Amino acid sequence: QAKHRGKSAYSHFAPEMTEVSHERLQMESRMRRALELQEFELYYQPIVETGSGRLHGVEALLRWNNPAMGMVMPDRFIPLAEETGLIIPIGEWVLEEACRAAMGWQQETGREIVISVNVSPRQFRDPGFTDAVTRALERSGLAPHLLELEITERLILDNSIETAEILRQLDRRGIKLSLDDFGTGYSALGYLKTYPFDTLKIDRSFTQDVMKEQESASLVRAIINMAHSLGLKVIAEGVEEEAQTHFLQREGCDYSQGYFYSRPQPAPEFDQWLKTNRRVNH
Ligand code: C2E
Ligand code: MG
Ligand code: MG
Ligand code: MG
């Protein structure tokens, strides 16, 4: 009977699996050429001081414009880029492009603006990673304390000595480290004191419900207090409504990011936002 089931399952699922792996292969071969064809683009989203709305930093968010697929969002292609290792050259490009853009904004505004760059575990663990960071800083002339690397709990789950050592090395150089999507991963909190994080980013799944659910409000309040007592700054992600900003301000959340302030925008539009947005120049 098992044999029979196996056979029918095979004949039923095989064509779909072939289709899926064909799609993957096609995406992979397109991704291999995407860098040289200049199909990647960074979008920029401001991170502001919660009370004043004054600009604090900017997060760089990757987009892939492919003629056949249109605009591909990171959740659709980053996993494949990680599996194939393509995230390493792509990530280097992101670092260089983001640091160069940030240097341009400092020169234009005369102000220090932090640039936040997402780094995936595979990229972080690559032996060339710290060199890539150094190159991006040197080529752009950006000061190390204006670069913030966003990593997730996924990276430190492995508890490896190498990971800890690289985090400390980056920290000693003055580069900022932030813990992205806080609250969505595994709830071991010990690593918050073990690793040299500067900033904790509250995942938008919590922020989005603070006005709807007492539980989410309590969690956000607790996260902010815990982070502050550990000496970390806090960014709330996914702020979409004004009421949320009042709540976050009352609770002492340092920074906020979300559609309420601005959607992620391509460089020319972001430059325009920077020029016309009066909050920047407070
Ligand atoms: P993330 O780092 O947590 O980035 C925040 C995501 O939330 C972004 O999605 C952003 O567009 C979205 N977002 C911002 N404000 C709001 C809001 O008010 N409401 C809602 N609903 N969403 C908001 P995006 O750009 O699609 O990026 C998704 C994820 O892909 C990122 O999550 C990050 O983990 C990853 N990613 C993006 N760029 C890169 C990159 O250059 N390298 C790597 N390794 N990962 C990247
Ligand atoms: Mg991020
Ligand atoms: Mg530090
Ligand atoms: Mg996040």
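The values are calculated or read from the model by the stated rules, or taken from the named source; none is laboratory data. Because the structure is predicted, anything quoted here is derived from the model rather than measured. Every residue, glycine as well, gets a Cβ built from its backbone with ideal geometry; the counts of neighbours run over all protein chains shown. Heads up: the accessible areas ignore ligands, DNA and RNA and are worked out on the full protein's heavy atoms, side chains in. Shrake-Rupley method; radii C 1.70, N 1.55, O 1.52, S 1.80 Å.
Per-structure values
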quantity	calculated
Sole residue being open to solvent by less than 20 Å² (accessible area, probe 1.4 Å), more than 16 Å from ligand 2 (Cβ to nearest atom) and out of contact with any helix residue (DSSP H, G or I) (no Cβ under 6 Å at 6 or more places or on another chain), chosen from LEU167, LEU142	LEU167
Some residue of region 116-136 being touching a residue at least 24 places away in the same chain (Cβ under 8 Å), under 24 Å from ILE202 (Cβ atoms) and within 15 Å of ligand 3 (Cβ to nearest atom)	yes
Pairs, first among the aliphatic types (A, V, I, L, M) in region 171-192, second surrounded by 18 or more Cβ atoms within 10 Å (Cβ to Cβ) and at pLDDT 85 or above, C-beta under 6 Å, six or more apart	ILE175/LEU147; LEU177/LEU149; LEU177/PHE197; LEU179/PHE197; LEU179/LEU200
Residue list for region 190-242, restricted to those being in a helix (DSSP H, G or I), under 20 Å from LEU170 (Cβ atoms) and among the basic types (Lys, Arg)	LYS193
Residue that is nearest to the chain's Cα centre (by Cα) [pool: residues in region 252-273 that are more than 15 Å from LYS201 (Cα to Cα) and assigned to a loop (DSSP other than H, G, I, E, B)]	PRO264
Only listed residue being in contact with a Ser or Thr (Cβ under 8 Å, 6 or more places away or on another chain), not in a loop (DSSP other than H, G, I, E, B) and not basic (Lys, Arg), chosen from GLU23, GLU28	GLU28
Residue among GLU237, GLU215, GLU251 that alone is acidic (Asp, Glu) and within 15 Å of ligand 1 (Cβ to nearest atom)	GLU237
Top-ranked residue in region 111-136 [being part of a loop (DSSP other than H, G, I, E, B) and among the β-branched types (Val, Ile, Thr); ranked as nearest to LYS233 (Cα to Cα)]	ILE113
Any hit, region 181-188, residues being modelled with pLDDT under 95, part of a strand (DSSP E or B), within 12 Å of ligand 1 (Cβ to nearest atom) and of a type outside the set (Val, Ile, Thr)	yes
Residue match in region 255-275 (condition: open to solvent by less than 40 Å² (accessible area, probe 1.4 Å), of a type in the set (D, E, K, R) and under 22 Å from GLU150 (Cβ atoms))	no
Top-ranked residue in region 64-82 [being touching a residue at least 24 places away in the same chain (Cβ under 8 Å), away from ligand 4 (no atom under 16 Å from the Cβ) and not in a loop (DSSP other than H, G, I, E, B); ranked as farthest from the chain's Cα centre (by Cα)]	ASN66
Per-region count, region 137-168, residues assigned to a helix (DSSP H, G or I) and in contact (Cβ under 8 Å) with a residue 12 or more places away in the chain	16
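A quick yes/no check of all residues on (1) within 16 Å of ligand 3 (Cβ to nearest atom); (2) open to solvent by 10 Å² or more (accessible area, probe 1.4 Å); (3) closer than 13 Å to ASN118 by Cα:
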position	(1), (2), (3)
LEU55	no, no, no
ALA60	no, no, yes
TRP64	no, no, no
PRO79	no, yes, no
THR84	no, yes, no
PRO89	no, yes, no
ALA98	no, no, yes
